[in-house]
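The values are calculated or read from the model by the stated rules, or taken from the named source; none is laboratory data. All values derive from a computational prediction rather than experimental measurement. Please note: Cβ atoms are built from the backbone with ideal geometry, for glycine as well, and neighbour counts cover all protein chains shown.
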């Protein structure tokens, strides 16, 4: 069977797999992690329940699922913004105790500093880390060229389109040379044409930089287009329903049999009715 006609090689670790079964060589290890949100009234909502997951160095992992499945909570735990209620997360052999420069983040809302230029936003992290002005200038120029904004260095965020602002956010996240790039639905607010262009650019960056990427999305086609692996989470509480390694050749054509077969499988996993 050709690669084009085969949808994927599917790996099926049980959702309750013990943390000790995760490969020790993994860059990211989520060891039976769970999280409970508690309201000021004392009500509890379990967002995640005993999720065990390993992410290899250089992998492009997409976390896919509907609202309420805990995918953003899991991303924020890897980032160090949220502490697991149970279990632990290990990145690079160290338990995650809080945010770190080795984990860069890109959000949906860009989160750029409006008073800084494009170059100033990208150079902010290296400046806080104490890099010299000369090094910051060289690095900023390199990263802006990488995201196609070399000519926009002196512009301010308010002068940029949404797609351009998100490119700045990606360059800024890469500026500290993180081992892991964490992305929370970064293209969700963009129009279809801009989203497609940024997806292609992100794949080029992944190919050149070989960063490990964990990418949250609720868009099935986006997960297939980007991921080397897709983990599907189901809600209330969040658990792993599918863990699929995607072997479709690139560029991945949305009209191909393999793409559509995988799309239908993922739609079924997250409860999307293809007849709607």
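Summary table
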{"read-out": "Of all residues making up the stretch 33-64, the number that are at pLDDT below 95, on the phi > 0 side of the Ramachandran plot and touching a strand residue (DSSP E or B) at 6+ places or on another chain (Cβ under 8 Å)", "value": "1"}
{"read-out": "All helices (runs of 4 or more DSSP H) inside the stretch 98-176 with 3 or more residues being within 16 Å of residue 198 (Cβ to Cβ)", "value": "133-146, 162-174"}
{"read-out": "Members of the stretch 221-250 found to be touching a residue at least 40 places away in the same chain (Cβ under 8 Å) and more than 24 Å from residue 50 (Cα to Cα), listed by number", "value": "221, 222, 224, 226, 246, 247, 248, 249, 250"}
{"read-out": "Hits in the stretch 106-123 - residues which are in contact with a helix residue (DSSP H, G or I) (Cβ under 6 Å, 6 or more places away or on another chain) and in contact (Cβ under 8 Å) with a residue 40 or more places away in the chain", "value": "106, 110, 112, 113, 114, 118, 121, 122, 123"}
{"read-out": "Some residue of the stretch 193-200 being in contact with a strand residue (DSSP E or B) (Cβ under 8 Å, 6 or more places away or on another chain), surrounded by 17 or more Cβ atoms within 10 Å (Cβ to Cβ) and closer than 30 Å to residue 48 by Cα", "value": "no"}
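The rows are residues; the columns are (1) more than 27 Å from residue 191 (Cβ to Cβ); (2) buried (at least 21 other Cβ atoms within 10 Å of the Cβ); (3) touching a residue at least 24 places away in the same chain (Cβ under 8 Å); (4) under 18 Å from the mean Cα position of the chain (by Cα).
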{"site": "90", "(1), (2), (3), (4)": "yes, no, yes, yes"}
{"site": "125", "(1), (2), (3), (4)": "yes, no, yes, no"}
{"site": "130", "(1), (2), (3), (4)": "yes, no, no, no"}
{"site": "133", "(1), (2), (3), (4)": "yes, no, no, no"}
